[in-house]
1. On the given criteria, is THR86 polar (S, T, N, Q), outside any strand (DSSP E or B) and modelled with pLDDT of 95 or more?
2. Before we move on, is SER23 closer than 25 Å to ALA101 by Cα and within 14 Å of the chain's Cα centre (by Cα)?
3. Taking the condition of being among the hydroxyl-bearing types (Ser, Thr, Tyr) and out of contact with any helix residue (DSSP H, G or I) (no Cβ under 9 Å at 6 or more places or on another chain), how many residues in region 6-40 meet it?
4. Give just the number: which of (1) loosely packed, with under 15 Cβ neighbours inside 10 Å; (2) under 13 Å from the mean Cα position of the chain (by Cα); (3) part of a helix (DSSP H, G or I) does ILE29 not satisfy?
5. I'm checking my understanding of the structure. Among residues of region 89-103 that are charged (D, E, K, R) and under 19 Å from MET1 (Cβ atoms), which one is modelled with the highest pLDDT?
Amino acid sequence: MVLVSGQLAMDADGTPIAPDDISAQTRYIFENIKKILHEAGAKLDDVVKAQIFLTDMDQFPKVSAVRNEYFADIKPVSTLVEISRTVREGCHIEIEVMAIAES
């Protein structure tokens with residue numbers, strides 16, 4: 001089991017990536033999650049649960065479109081919740097996942 005804690009769209013220095021583009025932030029986070037899973041011996045196809053925290057529910061269609069690109073072949077259980085803010089100004093979405101990979 002691989003648990004990936006909440007990921008934000010920010011670079012190594014903590015600077016938000018594309019603060020005005022929720023699609024770009026979502027894509028950046030999923031790419032980061034792919035790297036984390038790979039390092040743990042898993043892949044996106046192993047994800048069984050995703051939790052998404054979004055600061056503006058009106059952005060859901062954009063987030064959903066990107067999410068569906070990354071989960072095109074699988075349908076993990078998912079939760080999406082609107083929150084007032086994340087821990088980093090300029091980051092409008094946080095995503096965490098759980099994956100189960102064969103050993």
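The values are calculated or read from the model by the stated rules, or taken from the named source; none is laboratory data. Note that this is a predicted model, so its numbers are computed, not measured. Cβ atoms come from the backbone with ideal geometry, glycine included; neighbour counts cover every protein chain shown.
1. When the stated conditions are applied, THR86 passes them.
2. Considered against the rule, which asks whether it is closer than 25 Å to ALA101 by Cα and within 14 Å of the chain's Cα centre (by Cα), SER23 comes out as no.
3. Selection size over region 6-40: 2.
4. Here ILE29 clears every test but (1).
5. Looking at the filtered set, the residue picked out is GLU96.
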